[in-house]
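Worksheet: the structure to be examined is printed underneath.
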Amino acid sequence: MRNIVLASTSKRRERIFGLLNIPFSTAAPNYEEENDLDISPSDLVKRLAYGKANSLVDSLKDTIIIGSDTLVVSKDTILPKPKTKEEAISMLMSLSNSAHSILTGYAIIDTLSNKKSLGVKETEMTFRNINIEEAKSYVEKEDVLGIAGAYDHEHLGSVFVNNLNGDYFSSIGLPLYDIAFLLENEYSISIL
């Protein structure tokens, strides 16, 4: 079987990809994220995923490299990873009682054939009404400073979710169905 490398240090992405039960390893991408480009959020998240995968191409021969990145978009504005608890609370309040998008981009690069596949998956998330006391309490209980949009709906942040419309795995960081389909049909990696 071909070498497969997930260009990520995320334990969550590693756990999701591990559900495919195929051998793979992980490697930290050497890529400086460019979040201030004047392109659509969809194009940006694909570019970020590709940048992560492509940063490993020169060091990995005869390997299929998979990169992924996730953005939270509300009212046409990208919500970054908050830098302070106050910023996290403000983000949560802006998401209260409304819908927003979680965009997860992915890139697959075969270093042997130079074949590339890029895509993006969108999941719509709707939050219930959140009051300021709940937002403050949540930020104190869960470390959200490293999480786009200031919440983690795989854990305690799930109490804010009224509806999730789309792919759950994509919404937490890796569009497993799309990647598995491409690996099997475009890169001849047997999944089942």
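The values are calculated or read from the model by the stated rules, or taken from the named source; none is laboratory data. All values reported here derive from a predicted model rather than from experimental measurement. All Cβ positions, glycine included, derive from the backbone under ideal geometry; neighbour counts span all protein chains shown.
Could we say that L92 is buried (at least 18 other Cβ atoms within 10 Å of the Cβ) and either in a strand (DSSP E or B) or modelled with pLDDT under 95 (or both) here? Here the answer is no, as L92 does not meet what is asked. T77 meets all of the listed conditions (1) modelled with pLDDT under 95; (2) in contact with a Leu (Cβ under 8 Å, 6 or more places away or on another chain) but one, namely (2). Remark: G67 matches the filter, which requires a residue to be at negative phi, part of a strand (DSSP E or B) and not β-branched (V, I, T).
Filtering the range 145-171 to residues that are in contact (Cβ under 8 Å) with a residue 40 or more places away in the chain and over 15 Å from H100 (Cβ atoms) leaves L145, G146, E154, D167, Y168, F169.
Of all the listed residues (S55, S74), the sole one being within 24 Å of Y168 (Cβ to Cβ) and among the polar types (S, T, N, Q) is S74. Taken over the range 4-60, the criterion of being under 24 Å from K115 (Cβ atoms) and of a type in the set (D, E) is satisfied by E14, D43, D58. State all residues of the range 9-46 that are closer than 16 Å to Y106 by Cα and assigned to a strand (DSSP E or B); if no residue qualifies, say none. Selection gives T26, A27.
So, of the residues in the range 118-177 that are of a type in the set (S, T, N, Q) and not in a helix (DSSP H, G or I), which turns out to be surrounded by the most Cβ atoms within 10 Å (Cβ to Cβ)?
T123
Applying a threshold of 6 Å to beta carbon distances and a minimum spacing of six or more residues, or different chains, the list of pairs starting in the range 9-27 at a residue that is within 14 Å of S171 (Cα to Cα) and ending at one that is part of a helix (DSSP H, G or I) reads I16/F169; I16/L176.
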